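The values are calculated or read from the model by the stated rules, or taken from the named source; none is laboratory data. A quick note: this is a predicted structure, and the numbers were derived from the prediction, not measured. Note that we place each Cβ from the backbone using ideal geometry, even for glycine, and neighbour counts take in every protein chain shown.
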């Protein structure tokens, strides 16, 4: 089996949120090859529970696919920032809410075949509404959704953003387990 250790990673593009690198990898036959790798600082996904049975999602215009998607609020970790700090900042920026309680409940690799992005999921409770602070390139609209409707929207395809699907289904299972 090939050595899974990184041999060399050469950054060929530096961006605001991502870098692109060529990484030398060892193949099964002992030879090497280069693969494109997206280097990402990581991100947070948030489940702002307005009440036990209502969640604040956002309608988000995604210019990469030219569609508006209903999603959980989320955001990229800034340099030097912890996921916990990012979660509080992004919650306020995107929804206007601040949380009295915020709990990190899960984390996952977003797309490990091409990028190193790690996403951290937070459930946010005891929310207090304030003023949102959207970035200039964001077209966000907070939408309060009954929890059962959010789950149904995942199951019937109206919510088709992977992080949102995972966050909602993960939390729905956790809610059901807590009741048993």
Hey, residue 51 hits all of (1) at pLDDT 95 or above; (2) touching a strand residue (DSSP E or B) at 6+ places or on another chain (Cβ under 8 Å) but one; which does it fall short on? (2)
By residue number, the members of the stretch 63-76 that are more than 12 Å from the chain's Cα centre (by Cα) and not in a strand (DSSP E or B) are 63, 64, 65, 66
Would you pick out the residues in the stretch 30-55 that are more than 17 Å from residue 115 (Cα to Cα) and part of a loop (DSSP other than H, G, I, E, B)? 30, 31, 52, 53
On the basis of being under 22 Å from residue 170 (Cβ atoms) and in contact with a helix residue (DSSP H, G or I) (Cβ under 7 Å, 6 or more places away or on another chain), does residue 53 make the cut? yes
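Give the number of residues within the stretch 126-165 that are under 23 Å from residue 78 (Cα atoms) and out of contact with any helix residue (DSSP H, G or I) (no Cβ under 9 Å at 6 or more places or on another chain).
In the first step, residues of the stretch 126-165 are kept if they are under 23 Å from residue 78 (Cα atoms); the result is 130-142, 161-164.
Next, only the ones that are out of contact with any helix residue (DSSP H, G or I) (no Cβ under 9 Å at 6 or more places or on another chain) stay: 136-137, 139, 141, 161-163.
Residues meeting the conditions: 7.
Rundown of residues vs (1) without any contact (Cβ under 8 Å) to a residue 40 or more places away in the chain; (2) assigned by TED's automatic domain parsing to the domain that holds residue 108; (3) not in a strand (DSSP E or B), yes/no style:
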| residue | (1), (2), (3) |
| --- | --- |
| 13 | yes, no, no |
| 21 | yes, no, no |
| 24 | yes, no, no |
| 28 | yes, no, yes |
| 57 | no, yes, no |
| 61 | no, yes, no |
| 78 | yes, yes, yes |
| 86 | no, yes, yes |
